[in-house]
Amino acid sequence: MNLEELIKNGSKQLKKSKTKTSLLDAEIILSDLMGVTREFLITNNNMNISDNIKKKFNHAINRRINNEPVAYITGKRDFWTETFAVNRATLIPRPETELLIYKIIKFFRNKSINILDIGTGSGCILLSILKELKFSRGTGIDISNLAIKVAINNSRRFNLSNRSKFKVFDINKFKFGKYDLIVSNPPYIPSKEIKKLSKDIRDYEPDIAINGGKDGLDLIKKVIYKSSKLLKNNGLFAIEIGANQYLRVLAIMNKCGFRVVGKEFDYNDNVRCIISTKA
């Protein structure tokens with residue numbers, strides 16, 4: 001069996017299971033297994049495949065048929081300018097979070113700042129910012145020990161361990177330092193909405209990273225309150241929120257003394273990132 005035949009077979013199986021991106025998923029999985037680019041698969045489609053690769057590929061396709069995200073199957077996800085290691089202890093980085101990165105970099109270009117990332121997960125937000133802000137340092141905290149291990153691994157892979165540190169902390173107990181920038185992508189999905197999510201999210205991504213409590217605001221409230229205590233004067237606080245949460249989050253921020261200085265919208269015109277400072 002050659003490359004083209006194997007990809008077609010895998011894509012066909014995924015399509016039967018109603019996977020919307022069947023061909024793309026098959027190509028990503030196979031390119032990862034072979035350690036080559038998707039372009040290589042296309043230009044070398046007549047190459048014969050070893051039985052070992054076929055066996056691994058079919059196993060991975062079966063995992064995808066069972067709705068496991070491709071990022072967890074390959075153990076990585078592209079975000080900003082890097083490819084981050086991820087696993088089931090971490091939320092899979094999403095394109096809308098890059099909106100937050102873009103906005104922050106515009107504010108702090110060529111400056112030296114101290115950053116706190118609350119609920120860091122894979123470390124994708126903090127490390128992406130540090131890649132762009134060459135003179136800055138940062139701390140990432142998360143309640144999950146397994147997630148922190150992934151973040152530390154990513155910091156080493158990107159040669160950023162000298163400017164970043166990652167610690168296991170409950171946000172309620174963290175009270176160290178003052179920061180020029182505090183960022184967070186907290187869980188914001190209301191508990192009752194979790195069952196309505198697609199199976200690849202609902203059944204595989206960590207509940208503590210997506211479940212925001214009854215109204216989706218439980219962790220958002222804690223992050224805003226804690227940030228109001230840890231942010232330096234004239235510092236910036238940046239948070240990602242769910243669709244249709246802007247007005248409720250704005251009211252909480254106002255009570256904690258924040259003033260909005262920037263917003264970023266997703267592709268459906270919902271406010272997804274809020275940039276603020278202390279009023």
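The values are calculated or read from the model by the stated rules, or taken from the named source; none is laboratory data. A quick note: this is a predicted structure, and the numbers were derived from the prediction, not measured. Every residue, glycine among them, receives a Cβ derived from its backbone with ideal geometry; neighbour counts consider all protein chains shown.
A few points about this structure:
- Sole exception among (1) more than 24 Å from TYR102 (Cβ to Cβ); (2) out of contact with any Phe, Trp or Tyr (no Cβ under 9 Å at 6 or more places or on another chain); (3) surrounded by 17 or more Cβ atoms within 10 Å (Cβ to Cβ) for ASN233, by number: (3)
- Annotation: of all residues in the range 32-75 being among the β-branched types (Val, Ile, Thr) and either assigned to a helix (DSSP H, G or I) or touching a His at 6+ places or on another chain (Cβ under 6 Å) (or both), the one that is nearest to GLU5 (Cα to Cα) is ILE42.
- Just one of the listed residues (ILE61, ILE42, ILE49) is assigned by TED's automatic domain parsing to the domain that holds LYS8 and within 29 Å of GLU205 (Cβ to Cβ), and it is ILE61.
- Within the range 86-98, at least one residue is among the aliphatic types (A, V, I, L, M), within 14 Å of the chain's Cα centre (by Cα), modelled with pLDDT of 95 or more and within 30 Å of GLU4 (Cα to Cα).
One line per residue, one yes/no per condition, for (1) touching a Ser or Thr at 6+ places or on another chain (Cβ under 7 Å); (2) within 15 Å of GLU240 (Cβ to Cβ):
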residue	(1), (2)
PRO69	no, no
TRP80	yes, yes
THR97	no, yes
LYS103	no, yes
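- Test: residue in the range 167-174 that is part of a helix (DSSP H, G or I) and surrounded by fewer than 18 Cβ atoms within 10 Å (Cβ to Cβ): yes
- Single residue of the range 130-162 satisfying the filter (of a type in the set (Ser, Thr, Tyr) and buried (at least 17 other Cβ atoms within 10 Å of the Cβ)) that is farthest from the chain's Cα centre (by Cα): SER136
- Scanning the range 18-31 for residues that are modelled with pLDDT under 95 and either in a helix (DSSP H, G or I) or loosely packed, with under 14 Cβ neighbours inside 10 Å (or both) yields LYS18, LYS20.
- Residue satisfying all of: in the range 249-278; closer than 15 Å to ASN233 by Cα and free of Cβ contacts under 8 Å to residues at least 24 places away in the same chain; surrounded by the fewest Cβ atoms within 10 Å (Cβ to Cβ) among these: ARG259
- Within the range 155-187, tally of residues that are closer than 19 Å to PHE84 by Cβ and either among the small types (Gly, Ala, Ser) or not assigned by TED's automatic domain parsing to the domain that holds LYS103 (or both): 4
- On the stretch given as the range 94-129, residues that are surrounded by fewer than 18 Cβ atoms within 10 Å (Cβ to Cβ) and over 26 Å from TYR267 (Cβ atoms) total 4.
- Members of the range 18-31 found to be polar (S, T, N, Q) and farther than 18 Å from ASN2 by Cβ, listed by number: THR19, THR21, SER22
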